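Colleague: This is the structure, below, for whatever I ask next.
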Amino acid sequence: MDYTFLMDIAAQARENAYAKYSGFKVGAALLSKSGKVFTGCNIENAAYGDTVCAERVAIFKAISEGEREFEAIAIAGGKDELNEICSPCGTCRQVMAEFCSENFKILLGRPSNFKVYKLSEILPLTFNKSNLGADL
């Protein structure tokens, strides 16, 4: 599937970022299996621990609106212009592991040049509900 449209949406979402402290703006576009797209941007805070990444904003928006199955997320970010790769942080990877399958696709780059990874590639040896030994 050609996910260029999703990278375009992520790049547009980046424009809404509140990156007052780092200047590093990130946008994300999450595609649900139902075909809906949820966007997010990073939102910084003077108390750095209260900062939220674009990926989590998009995922939490989707979850809060009842979506539970996801196909892909596009991530576009950079300080002045888009980086070739803007990789998700560890916390975002863990959130993806909670809500997405191992085959969930992560698109990194620019709308004109991006790479597609599977969640299992960027987060091997995932800790998830199966590690808890509960039938959840």
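Colleague: Could you list, in sequence order, the residues of segment 32-55 that are under 17 Å from residue 9 (Cβ atoms) and either of a type in the set (S, T, N, Q) or outside any loop (DSSP other than H, G, I, E, B) (or both)?
Modeller: Correct list: 32, 34, 37, 38, 39, 40, 41, 42, 54, 55.
Colleague: With (1) open to solvent by less than 10 Å² (accessible area, probe 1.4 Å); (2) outside any helix (DSSP H, G or I); (3) within 25 Å of residue 124 (Cβ to Cβ) as the list, and residue 84 as the residue in question, which single condition is left unmet?
Modeller: Every condition holds for residue 84 apart from (1).
Colleague: Let me ask you something else. Looking at (1) under 20 Å from residue 26 (Cα atoms); (2) buried (at least 19 other Cβ atoms within 10 Å of the Cβ); (3) not polar (S, T, N, Q), which is the one condition that is false for residue 95?
Modeller: Single failed check for residue 95: (2).
Colleague: Given (1) closer than 22 Å to residue 126 by Cα; (2) surrounded by fewer than 18 Cβ atoms within 10 Å (Cβ to Cβ); (3) of a type outside the set (Asp, Glu), where does residue 4 come up short, assuming only one miss?
Modeller: (1)
Colleague: What is the one condition in (1) open to solvent by less than 30 Å² (accessible area, probe 1.4 Å); (2) under 15 Å from residue 6 (Cβ atoms) that residue 42 does not satisfy?
Modeller: (2)
Colleague: Give segment 7-31 a look and list any residue that's part of a helix (DSSP H, G or I) and either loosely packed, with under 15 Cβ neighbours inside 10 Å or hydrophobic (A, V, I, L, M, F, W, C) (or both), or say none.
Modeller: Once the filter is applied, which keeps residues that are part of a helix (DSSP H, G or I) and either loosely packed, with under 15 Cβ neighbours inside 10 Å or hydrophobic (A, V, I, L, M, F, W, C) (or both), segment 7-31 yields 7, 9, 10, 11, 13.
Colleague: Sticking with this one: Kindly indicate which of 24, 5 is free of Cβ contacts under 8 Å to residues at least 24 places away in the same chain and aromatic (Phe, Trp, Tyr).
Modeller: Result: 5 is the single residue among 24, 5 that is free of Cβ contacts under 8 Å to residues at least 24 places away in the same chain and aromatic (Phe, Trp, Tyr).
The values are calculated or read from the model by the stated rules, or taken from the named source; none is laboratory data. Nothing here was measured: the structure is a model prediction, and the numbers come from that model. Glycine also receives a Cβ, built like all others from the backbone with ideal geometry; neighbour counts cover every protein chain displayed. Note: accessible area is taken over every heavy atom of the protein model, side chains too, but ligands, DNA and RNA are not part of it. Shrake-Rupley method; radii C 1.70, N 1.55, O 1.52, S 1.80 Å.
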